[in-house]
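Taking it in order: structure first as structure tokens, then the write-up.
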Amino acid sequence: MQINQPSSNTHLAETDLSSFIYRPFLTSCNLFKETVSMVLQQKTGLAKTLSGPLNWVERYPIAAGERQSPIDITTDSVVPDPDLPDNPLKWDYPKTAKVVTNTGYGWRVDVDGSGSSLSGGPLEEKYEIVQFHCHWGHDESCGSEHTVDGEAFPAELHLVHRNLKYETMEEALNYADGLSVLGVFLTVGEENQELQKIVDILHEIKYKDESVKLESPIDPLKLLPDETAYWTYPGSLTTPPLSECVIWLVLREKIQVSIEQLEAFRQMCCNGKCDEQKTLPENFRPPQPKNHRCIRSSVA
């Protein structure tokens, strides 16, 4: 999960993440699906590298914290919570998602969230949407950050929200309930018309730090599935600074994306225009230890 906010310096994770290029440091998807991050390091020697997700702990000790994200959601250990369906999630988003940026580790759509809201379920406060972005893999066998019973999906969309009781993103990052993120799995299927608005302008933001305004705004509601059943747990950002400030809401139902759209994402560059071209075929963090956290479900 990437954090940023337009026209401000609120992405404390924006610590030159061009140095955290995922491609050289993530193992193959097949191995990824079989193991968690510590085993990956042992099998692939990734511990010797200095920049990849498996070694963020060297610069960000919280990477070894007690509530890091993503995680593998093991369905036989999920706890159904009868209180969640009695207080259903409610969201209301304006159609104001108009600016897309190449962050160097993917695309990010900034949103003027004024008047938006996310509430209900495990959330004790109202939250306001800030941005959304996507994580993907180098082929269709992996790419999502969360996994379900060890199964990865081709991509995962994150809609990032700030708790309205905190005035800024910087402040929110310091509290366990500072952010709430809706995670949506993507599977290969039909072209996603809303995501196509992003694909259509990716050639204009091929390189890091390039931004472009969308001719027609993206409606975040159209990026959500019809079914709202979800898993929830306390977690963290999935990119530096990896702050443990997130209430995660991972939706069970998936949305579709075409192979061509995924391939367009992979052709983005993770460096500047003047540098040697380096594409971004994958940008996900492997699952982290659960550390006895309770994962609750809104349905049995």
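A short reminder: the numbers here are calculations on the coordinates, not readings from a lab. Just so it is clear, the model here is predicted, and its values are computed rather than measured. Cβ: placed from backbone, ideal geometry, glycine included. Neighbour counts: every protein chain shown.
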Per principal axis, descending, Cα span of the range 223-266 in whole Å: 35, 28, 11
22 Å Cα-Cα threshold exceeded, pairs from Lys165/Lys290; Lys90/Lys290; Lys222/Lys273; Lys197/Lys222; Lys165/Lys208: Lys165/Lys290; Lys90/Lys290; Lys222/Lys273; Lys165/Lys208
Order of Arg252, Arg293, Arg285 - criterion: other Cβ atoms within 10 Å of each residue's Cβ, fewest first: Arg293, Arg252, Arg285
Of every Cα-Cα pair in the range 17-297, the percent that sits beyond 22 Å: 56
Label-point gap, in nm, between Glu263 and His203 - each point 7 angstrom along Cα→Cβ: 1.5
Normalised contact order of the range 17-297, rounded percent, pairs of Cα under 8 Å and 6 or more residues apart: 25
Label-point gap, in nm, between Glu151 and Leu221 - each point 7 angstrom along Cα→Cβ: 3.0
Percent of alpha-carbon pairs separated by more than 19 Å within the range 249-300: 58
Solvent-free Debye scattering, log10 I(q)/I(0), computed from the Cα coordinates of the range 171-300 at q = 0.14, 0.15, 0.17, 0.18 Å⁻¹: -0.85, -0.96, -1.17, -1.25
Cα gyration tensor, the range 191-268 - rounded (a/c under 1.5), prolate or oblate: oblate
